[in-house]
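Undergrad: My structure is below; once you've seen it, I'll send some questions.
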Amino acid sequence: MHCACLTSGRIIPLRPNLDVSSPTLTEHLARFIAQADRASMPLAVAQYYVLDWLGSALAGTQTAQGRILLDYTASQPRIDGGCAVAGLPGRYGAESAALVNGGLSHIVEMDDLDRTSVTHPGTVVIPAALAVAQRERKSGAEFLRAVVIGYEIMVRVGAAVGKTHYVYFHNTATCGTFGAAAAAAYLLGLNEEQTVWALGNAGTMSAGLWEFNADGAMSKHLHAGRAAQSGVLAADLARRGFTGPRAILEGERGFFAATSRDATPTAVIAGLDPEAPAWRIGGVSIKPHASCRHTHPAIDAALAIRAQMADHVAAADVARIEVETYQAALDLCNNAAPRTPYQAKFSLHYCIASALARGHAGLGDFRPERIADPALAHLLAATRVQLNPAFEALYPQQWPSNVTVAFAGGRVISQTINTPKGDPENALSQGELEIKFAQMLDGTPFDPAPWMAFVRGLPTATALQLPAEKAIRESRESPRIKTSSTK
């Protein structure tokens, strides 16, 4: 397999003069999807991530961004026997449902995260799988199997794309289309050739740029939803005979050549064995804090330091805070003066200050009045962040950070975190995940109990009927969604 790079504006192809007798990476993936051992698929693990995804999606309905997405959906035609959208009655088309459910679940920054691929698989794969499974009248077990397949393909592509891709491209969006298409292809029962077409056209629709972060625009939520929607579209077209490129990943003008200078194509199929798969879904992390995952190691370090101070840190007693981390965390989260909730979620300074002063960085800590808290201003001003080359060498297999706090009295406490809470090596238990889920629904019109019961019943469910209206408690605080015809 050849490498790709850009030299003087000239593309050096990853796979020049494509040999039609040799399987492409996409063909390897399609064969895996068709032949993977279903008995080995960890359905209980998939349930774990579905519950986590639901919490993010339902919490997302209560945000300004979520209300816009719901308003858009409410303006679309309802379809008998269609697909459910979190927070809305009725059923809609599969593409609309995948788009909005994906966008909703990527708003509050508590969706799952895979370290090696730097992707949020749940926010793309699960909405696509849910939409197609509902439309096609699939069982809960088949839905869960599609989730396992989608995570596998999305993580594999993301792990191969390289660090340079992440400089400009949002991996969740760009690599997510492949995972969504894989989940949809599985549920539609596509043959290997059709699955190649689905993955090929998913790749050609891949998109998602980081420029939104410069002004805190809402585009990031659209990234997840659009990737889910594109995967469904690609699979639906493939079922009808719409062809797609065989070598979309490694081709001369393919995904890797166009978007990365350090892709490792062989990583896509490394250890790929349909008869004895080592499923990658179990390696995905869960986020206990309501902020960008790049901030979590530093948050955990700050919490450990607070614990050494008997859970009390007075801002005035802090002389300086020094943070060492890896380059991606600096690129996205080096913001000493966040002004909006979204900017605060991507600010190492604010997240560390909240952890030190309050003992948490939960959903409530990112409300506007909490961000403007004058008690935290001193801590933000005292914080300095810098690159640690040793940490950079470990990334993305590990996401380490060190926080050092120097106090006015002369005491200095330093803490390094390599595996923050939520990583598989430091996982949330099922009980802790259910507590997180309930906390995310606190203050919303949703009752956690029927939603948790829905997820528990998935392995034996013959149909996917979301709790929908019966789970919505009467509340004056419920968002009122106006359709465009009533504005």
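Undergrad: Would you check if there is a residue in segment 180-193 being acidic (Asp, Glu), in contact (Cβ under 8 Å) with a residue 12 or more places away in the chain and surrounded by fewer than 24 Cβ atoms within 10 Å (Cβ to Cβ)? Explain how you work it out, then say what you get.
TA: We begin by selecting, within segment 180-193, every residue acidic (Asp, Glu); these are 192-193.
If we keep only those that are in contact (Cβ under 8 Å) with a residue 12 or more places away in the chain too, we end up with 192-193.
Next, only the ones that are surrounded by fewer than 24 Cβ atoms within 10 Å (Cβ to Cβ) stay: 192-193.
The answer is yes, given that some residue of segment 180-193 is acidic (Asp, Glu), in contact (Cβ under 8 Å) with a residue 12 or more places away in the chain and surrounded by fewer than 24 Cβ atoms within 10 Å (Cβ to Cβ).
Undergrad: Only one of 311, 365 is part of a loop (DSSP other than H, G, I, E, B) and of a type in the set (Asp, Glu); which?
TA: Values: 365 fails: part of a loop (DSSP other than H, G, I, E, B).
Result: 311 is the single residue among 311, 365 that is part of a loop (DSSP other than H, G, I, E, B) and of a type in the set (Asp, Glu).
Undergrad: Still on this model: Can you find, within segment 409-436, the residue that is surrounded by the most Cβ atoms within 10 Å (Cβ to Cβ) among those that are among the acidic types (Asp, Glu) and assigned to a helix (DSSP H, G or I)?
TA: Step one: of segment 409-436, the residues among the acidic types (Asp, Glu) are 423, 425, 432, 434.
From the residues that got through so far, the ones that are assigned to a helix (DSSP H, G or I) too are 425, 432, 434.
Values: 425: 11, 432: 14, 434: 17.
The extreme case among them is 434.
Undergrad: Continuing with this model, one more query. Go through segment 253-270 and give me each residue that's over 13 Å from residue 29 (Cβ atoms) and assigned to a loop (DSSP other than H, G, I, E, B).
TA: Matches in segment 253-270: 253, 254, 260, 261, 262, 263, 264.
Undergrad: Of the conditions (1) β-branched (Val, Ile, Thr); (2) at pLDDT 95 or above; (3) in contact with a Lys or Arg (Cβ under 9 Å, 6 or more places away or on another chain), residue 79 satisfies every one except a single condition; which number is it?
TA: In the conditions (1) β-branched (Val, Ile, Thr); (2) at pLDDT 95 or above; (3) in contact with a Lys or Arg (Cβ under 9 Å, 6 or more places away or on another chain), residue 79 misses (2) alone.
Undergrad: Moving on to the next point. So, in segment 15-49, how many residues would count as being modelled with pLDDT of 50 or more, in a loop (DSSP other than H, G, I, E, B) and not small (Gly, Ala, Ser)?
TA: The first filter runs over segment 15-49 and keeps only residues modelled with pLDDT of 50 or more, leaving 17-49.
Then drop every residue that is not in a loop (DSSP other than H, G, I, E, B), which leaves 17-24, 36-37, 41-42.
Okay, now just the ones that are also not small (Gly, Ala, Ser), so 17-20, 23-24, 37, 41-42.
Result for segment 15-49: 9.
Undergrad: If you don't mind, another one. Mind listing whichever residues of segment 234-252 are buried (at least 24 other Cβ atoms within 10 Å of the Cβ) and not in a loop (DSSP other than H, G, I, E, B)?
TA: Within segment 234-252, 234, 235, 238 qualify.
Undergrad: Moving on to the next point. Which residues, counting only those in segment 258-271, are crowded, with 24+ Cβ neighbours inside 10 Å and either hydrophobic (A, V, I, L, M, F, W, C) or without any contact (Cβ under 8 Å) to a residue 12 or more places away in the chain (or both)?
TA: Answer for segment 258-271, where residues must be crowded, with 24+ Cβ neighbours inside 10 Å and either hydrophobic (A, V, I, L, M, F, W, C) or without any contact (Cβ under 8 Å) to a residue 12 or more places away in the chain (or both): 263, 268.
Undergrad: On to the next question. Just give me the residues in segment 314-323 being surrounded by fewer than 23 Cβ atoms within 10 Å (Cβ to Cβ) and not basic (Lys, Arg), in sequence order. Spell out how you get there, then give the answer.
TA: Step one: of segment 314-323, the residues surrounded by fewer than 23 Cβ atoms within 10 Å (Cβ to Cβ) are 314-320, 322.
Across segment 314-323, the qualifying residues are 314, 315, 316, 317, 318, 319, 322.
Undergrad: Kindly provide the set of residues from segment 267-303 that are of a type outside the set (A, V, I, L, M), within 20 Å of the chain's Cα centre (by Cα) and farther than 16 Å from residue 421 by Cβ, ordered by number.
TA: Across segment 267-303, the qualifying residues are 279, 280, 282.
Undergrad: With within 20 Å of the chain's Cα centre (by Cα) and either surrounded by fewer than 19 Cβ atoms within 10 Å (Cβ to Cβ) or assigned to a loop (DSSP other than H, G, I, E, B) (or both) as the only criterion, which of 57, 86, 98 stands out?
TA: Numbers: 57 fails: either surrounded by fewer than 19 Cβ atoms within 10 Å (Cβ to Cβ) or assigned to a loop (DSSP other than H, G, I, E, B) (or both); 98 fails: either surrounded by fewer than 19 Cβ atoms within 10 Å (Cβ to Cβ) or assigned to a loop (DSSP other than H, G, I, E, B) (or both).
Only one candidate qualifies: 86.
Undergrad: For residues that are more than 12 Å from residue 59 (Cβ to Cβ) and in contact (Cβ under 8 Å) with a residue 24 or more places away in the chain, scanning just segment 437-453, find the one that is surrounded by the most Cβ atoms within 10 Å (Cβ to Cβ). Don't jump to the end; show me each part of the working.
TA: Kept after step one, since they are more than 12 Å from residue 59 (Cβ to Cβ), are these residues of segment 437-453: 447, 449-450, 452-453.
From the residues that got through so far, the ones that are in contact (Cβ under 8 Å) with a residue 24 or more places away in the chain too are 447, 452.
Numbers: 447: 15, 452: 19.
Across segment 437-453, the extreme among qualifying residues is 452.
Undergrad: Of all residues in segment 378-413, count the ones that are hydrophobic (A, V, I, L, M, F, W, C), closer than 23 Å to residue 317 by Cα and touching a residue at least 60 places away in the same chain (Cβ under 8 Å). Give the steps one after another, and end with the answer.
TA: Applying the first criterion (hydrophobic (A, V, I, L, M, F, W, C)) to segment 378-413 yields 379-382, 385, 387, 390-391, 393-394, 399, 403, 405-408, 412-413.
Checking the rest, the ones that are also closer than 23 Å to residue 317 by Cα come to 379-382, 385, 403, 405-408, 412-413.
From the residues that got through so far, the ones that are touching a residue at least 60 places away in the same chain (Cβ under 8 Å) too are 379, 382, 385, 403, 405-408, 413.
Summing the residues that are hydrophobic (A, V, I, L, M, F, W, C), closer than 23 Å to residue 317 by Cα and touching a residue at least 60 places away in the same chain (Cβ under 8 Å) in segment 378-413 gives 9.
The values are calculated or read from the model by the stated rules, or taken from the named source; none is laboratory data. Fair warning: this is a prediction, and the values are worked out from it, not measured in the lab. Please note: Cβ atoms are built from the backbone with ideal geometry, for glycine as well, and neighbour counts cover all protein chains shown.
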